[in-house]
Amino acid sequence: MRKLNQFMLLIMTVSLVTFSSCKSDDDGGSPGTAPSGTLTATVDGGSFQSLDISSSATVSNGGQNLTIIATNSDGNAFAINIFGYSGPGTYPLGGDINIFNSASYSETDVDLNNPTNSTTEIWQAPYNDTEVGEVNISEETNTNVIGTFNFTAKNVNGDQSEKTITNGSFDLSKETAN
């Protein structure tokens, strides 16, 4: 009986640490400044704004996952994945327990003379076991997901360079998938 009690205590402790580390108790902060249907951010001092037609937020797996995809006309894109999503709140990127939440920024250089020579570089977060940023969901409605984000990402498969993403904001149409 004592082993069963110890096992139950271990399970409860692990569950508490896991669920409390995935989302903070705050409400996700301010909604940001992105125009409706877009994602905006500052990437190493330069501005990024996605196109409405190629930007969305998808809530899936019974509402437990959130995926944000946003691209612009220059071939640059953001992808953000939150596992253990539960609505408005703050979701860390990285850290010992939050390694499943991720964000990336990519740049594609299209060679119009020879499209097969086109290249894509991807900067990923997290890239080690430290917390490198966060995603704040301030509002989720039946039709939209609104929030802010910031992170530092590394080109782990390329030149190892880092990009600093600040002032990230989104007001995206929400899709629901199973």
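Quick note: the coordinates plus some simple rules give every number you see, no bench work behind them. Since the model is a prediction, treat every value here as computed from it, not as a measurement. Here Cβ is always computed from backbone atoms with ideal geometry, including for glycine, and neighbour counts include all displayed protein chains.
Here the stretch 100-151 and the stretch 26-89 have alpha carbon centers that stand 8 Å from each other. Listed peptides 53-65, 134-146 appear in the order 134-146, 53-65 once ranked by packing, highest mean of other Cβ atoms within 10 Å at the front. Among the chymotrypsin sites (Phe, Trp or Tyr not before Pro) in the stretch 69-151, those placed in a DSSP loop whose Cβ has at most 15 other Cβ atoms within 10 Å are Phe100. Extending 7 Å from the Cα toward the beta-carbon at both Leu51 and Asp129 defines two label points whose distance is 4.2 nm.
Once both labels are positioned 7 Å from their Cα atoms along Cα-to-Cβ, the gap between Asn144 and Val110 label points is 2.9 nm.
Fully extending the segment from Asn117 to Ser173, taken as 0.36 nm per residue of separation minus the present Cα-Cα distance, adds 16.8 nm.
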